[in-house]
Amino acid sequence: MTHRPLGVRFYLLFIVVIGFVFLITACRPTTQPPPPQSPPPTKPPETISDAELRERQDRIRKYFQERHQRRKIVATTVTDSGQIIDWIRPESQTADGVIAQSPALRSEEKAPSQEQATLPVKEAPKTGVDQISYTEVQTQERARGPQGTVPIVRFNVEAYLDSVGIPPKDVRDVLQKIPPPAPAANDRYYVTWLRFGTFFGTAGRINIWDTTGPVGNETSIAQTAVIRGDPMQAIEAGKIELQSLNGNRSPHLFTYYRTDGTAKGDWVAGYNTLVDGWIQVSPSVAPGMSLMPWRSSENGSQYSLDIEVRIHQGNWWVWAAGQWAGYYPVCRGGDAPPCDSRNLFSENGIRSLADRLDWYGEVFDSSAPAATSTDMGSGAFADTWWQHAAYFRNVTFFWQPTTYWWWGSGSISPTDTACYTVNGPHFSNDAAWRNWFFYGGPGREADRCR
């Protein structure tokens, strides 16, 4: 056997040890955080020539002017905030000239047998009941129309064109530029109390605040929704702040309906009276009307809007500010059943009932996935409570066509507690505060929301 010199053997051993140490170090998992991921690529903003811009604007003006001329307008008034209200005969809205009968003003309060008999009771806010939010027309006599007419809020086309910058090429996409409220969608934040079952409607009160306004053409909403079907069918109603829809960023009453998921158009889906579908009945409460100046203030008076959505004789009625405002009819065209054309809603949808109810605050975030500074509710987090945070209260469900009970179950959750939070639901024996939850937040203006 050949023997190597001792120095050579030590040298070889040193090389082996160094190699082994290098191998162990290279294979060891790193403790350093991975490099930050780049944000997803964003679509570059559209650019068009001045000539194309003018052409699109003129096309949209003509489209809405033609829709305006279709109405049999009796008179036109202007509110203090500058809203233009057109007044029409109610019977001019339906194919057969017949307006449906509204639900009775009184309903029976009774618990279903399966509902929890006792709930954990909490002390209601000590300062008591809030005040009622009204529409401008309810409080401004000079803004009202002739006896026997009903109001239609005129869409502010010029305000829309100013807010969107570059309008769509196809005029039918004007309404698609306005983000629809939705209980489930991308680029949105929610604080939602929902429940599933068999329902014929829901009612409750929404605390009204006028925040500094949504960023750009973003949306801040507080609303309810009755839902069923796939694709989704729904009736939605509440308070909305949206520049392109309302002409300013102050709170307005809104309604929205859908018959086919995200599809839009006449007798399909859309806001207020921007598309055919809504039948106006009240002489002073209408979708699109401003709720100013009935807004809550920090450490001051609180105002709430009463909302009810309920099916009656096949028509989905919306109650707001103390009146039945109007309804979405059984039949397309608004005629009485049996329908000469088609039913507005399908049997698998909400033609006869709903199977999901939602009450929620929502923010549409145009900068997603980055956080937005658009306020939800009052702009304060939920744990700041009464006279600071916004709330929903006295939420009920109709488990029979004319019988309701108080919500005492269902899940409640926020999308991102770093930006918007929830406190509740809570329950008490106070008639004004049978149930409630506070919600909201400032979005990106909070240090923890980035």
Selection over the range 417-450 where residues are surrounded by 17 or more Cβ atoms within 10 Å (Cβ to Cβ), of a type outside the set (A, V, I, L, M, F, W, C), assigned to a loop (DSSP other than H, G, I, E, B) and within 20 Å of the chain's Cα centre (by Cα) yields a count of 2
In the set 119, 105, which member is within 30 Å of residue 410 (Cβ to Cβ), without any contact (Cβ under 8 Å) to a residue 40 or more places away in the chain and either surrounded by 12 or more Cβ atoms within 10 Å (Cβ to Cβ) or among the hydrophobic types (A, V, I, L, M, F, W, C) (or both)?
105
Search the range 346-361 for residues that are touching a residue at least 12 places away in the same chain (Cβ under 8 Å) and polar (S, T, N, Q) and pair each with any residue that is part of a loop (DSSP other than H, G, I, E, B) and surrounded by 18 or more Cβ atoms within 10 Å (Cβ to Cβ) when their beta-carbon atoms are under 7 Å apart and the residues are at least 6 apart or on different chains.
346/229; 348/229
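Assess whether residue 420 counts as being within 16 Å of residue 192 (Cα to Cα) and in contact with a Cys (Cβ under 9 Å, 6 or more places away or on another chain).
Spelling it out, residue 420 is indeed within 16 Å of residue 192 (Cα to Cα) and in contact with a Cys (Cβ under 9 Å, 6 or more places away or on another chain).
Does residue 373 satisfy the criteria of being farther than 30 Å from residue 263 by Cβ, at pLDDT below 95 and small (Gly, Ala, Ser)?
yes
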Name every residue in the range 118-166 that is part of a helix (DSSP H, G or I) and touching a Ser or Thr at 6+ places or on another chain (Cβ under 8 Å), in order of residue number.
136, 137, 138, 142, 143, 159, 160, 163, 164
For the range 52-72, indicate whether the set of residues that are outside any helix (DSSP H, G or I), modelled with pLDDT of 90 or more and on the phi < 0 side of the Ramachandran plot is non-empty.
yes
With the condition kept exactly as written, say whether any residue in the range 99-113 is within 28 Å of the chain's Cα centre (by Cα) and under 18 Å from residue 274 (Cα atoms).
no
Restricted to the range 85-94, and to residues that are in contact with a strand residue (DSSP E or B) (Cβ under 8 Å, 6 or more places away or on another chain) and surrounded by fewer than 19 Cβ atoms within 10 Å (Cβ to Cβ), which residue is nearest to residue 340 (Cα to Cα)?
94
Exactly one of 261, 216, 229 is crowded, with 19+ Cβ neighbours inside 10 Å and not β-branched (Val, Ile, Thr), and that one is 229
Give the residues of the range 308-332 that are of a type in the set (Phe, Trp, Tyr), crowded, with 22+ Cβ neighbours inside 10 Å and either touching a Ser or Thr at 6+ places or on another chain (Cβ under 7 Å) or at positive phi (or both), sorted by residue number.
317
Within the range 73-111, work out how many residues are of a type outside the set (A, V, I, L, M), in contact with a helix residue (DSSP H, G or I) (Cβ under 8 Å, 6 or more places away or on another chain) and in a strand (DSSP E or B).
2
Determine whether residue 354 is farther than 16 Å from residue 261 by Cα and of a type in the set (A, V, I, L, M).
no
Quick one: residue 109 ticks every box in (1) in contact with a strand residue (DSSP E or B) (Cβ under 8 Å, 6 or more places away or on another chain); (2) farther than 27 Å from residue 309 by Cβ; (3) at pLDDT 90 or above bar one, so which box is it?
(2)
Taking the range 311-365 on its own, how many of its residues are of a type in the set (A, V, I, L, M, F, W, C) and assigned to a strand (DSSP E or B)?
14
Would you mind finding the one in 344, 305 that is crowded, with 24+ Cβ neighbours inside 10 Å, at pLDDT 95 or above and farther than 24 Å from residue 204 by Cβ?
344
Return the only residue of 355, 365, 335, 375 being surrounded by fewer than 23 Cβ atoms within 10 Å (Cβ to Cβ) and over 17 Å from residue 235 (Cα atoms).
335
Please list, ordered by first then second residue, the pairs with beta carbon atoms under 6 Å, 6 or more apart or interchain, first in the range 123-141 and modelled with pLDDT of 90 or more, second exposed (fewer than 15 other Cβ atoms within 10 Å of the Cβ) and not in a loop (DSSP other than H, G, I, E, B).
none
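The values are calculated or read from the model by the stated rules, or taken from the named source; none is laboratory data. Bear in mind the structure is a predicted one, so any value in this text is a computation, not a measurement. Cβ coordinates were reconstructed from backbone atoms using ideal geometry, including for glycine residues, and neighbour counts include every protein chain displayed.
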